[in-house]
Amino acid sequence: MTNWKYICLVQDIPRQGARRVARPRGLEVALFRTAGDEVFALLDRCPHKGGPLSQGTVFGKSVACPLHNWTIGLCSGQAAAPDEGCTPAFQVKVEDGAVFLDADELAGRALHETRPLAGPALHCA
C-alpha cells in the first residue's frame, strides 16, 4: 500500500513548467506540469552533467535540460536518443486537483545522487 504525501495543488505548478520539492536527504524532486495539466516527478538532476531539470523547458511530455539541451522523458526519466542515461522518476497521484508523491520514495529513492560542483575547487590548508 502506497503512503501518499500531499505536496501542492496542480495550479501551484506553472503550466509547462516545474516546481521543486525539498527532501530531508538527497536532491530535490522536480514536479512538472504539461500544457494538458498532466503532472510528472523526476529527480531534479539531468543524467548528463547533473543540470537542474526544474529549470528546463517543458514541451509535450519531455523536458529539455537547461545546460546542454538534452531531452528527458517525463514519464520515465529516460534521455532521448542519441543521448543515453536516465534520471529517477517518482510516482505521482493527482486527486481533485491535489498532487501527491509516494512518501517512501521521497524518503529513500536516489539518495546517492549529487549535483556537480561549479567553478574551481577550493582547498583548505
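General remarks:
- Relative contact order computed over the chain (Cα-Cα under 8 Å; 6+ residues apart), in percent: 27
- The amide H of E28, built 1.01 Å from its N in the peptide plane, has D44 as neighbours under 5 Å, considering only residues 5 or more places off or on other chains.
- Extension gain, A103 back to A81 (0.36 nm per residue minus Cα-Cα distance, nm): 4.8 nm
- At 1.567 mPa s and 4 °C, Stokes D of segment 4-108 from Kirkwood alpha-carbon radius, µm² per second: 97
- Check: the chain dipole with +1 on Lys, Arg Cβ and -1 on Asp, Glu Cβ, in debye: 300
- For V99, the residues whose amide H sits under 5 Å from its own are I7, C8, L9, V10, ignoring neighbours fewer than 5 places away on the same chain, with H placed 1.01 Å from N.
- Estimated distance in nm for a label pair at K5 and E95, the labels positioned 7 Å out from Cα along Cα-to-Cβ: 1.7
- With the convex hull of the Cα atoms taken as the outline of segment 9-62, the averaged projected area works out to 3.7 nm².
- Local electrostatic count, T114, Cβ distance below 15 Å [Lys/Arg +1, Asp/Glu -1]: +3
- Whole-percent carbon and sulfur share, accessible surface of segment 4-108, 1.4 Å: 46
The values are calculated or read from the model by the stated rules, or taken from the named source; none is laboratory data. The model shown is predicted, which means the values in this text are computed figures rather than measured ones. So basically every Cβ, Gly included, is an ideal-geometry build from the backbone, and we count neighbours across all protein chains shown. For accessibility, only protein heavy atoms count, side chains too; no ligands or nucleic acids. Shrake-Rupley method; radii C 1.70, N 1.55, O 1.52, S 1.80 Å.
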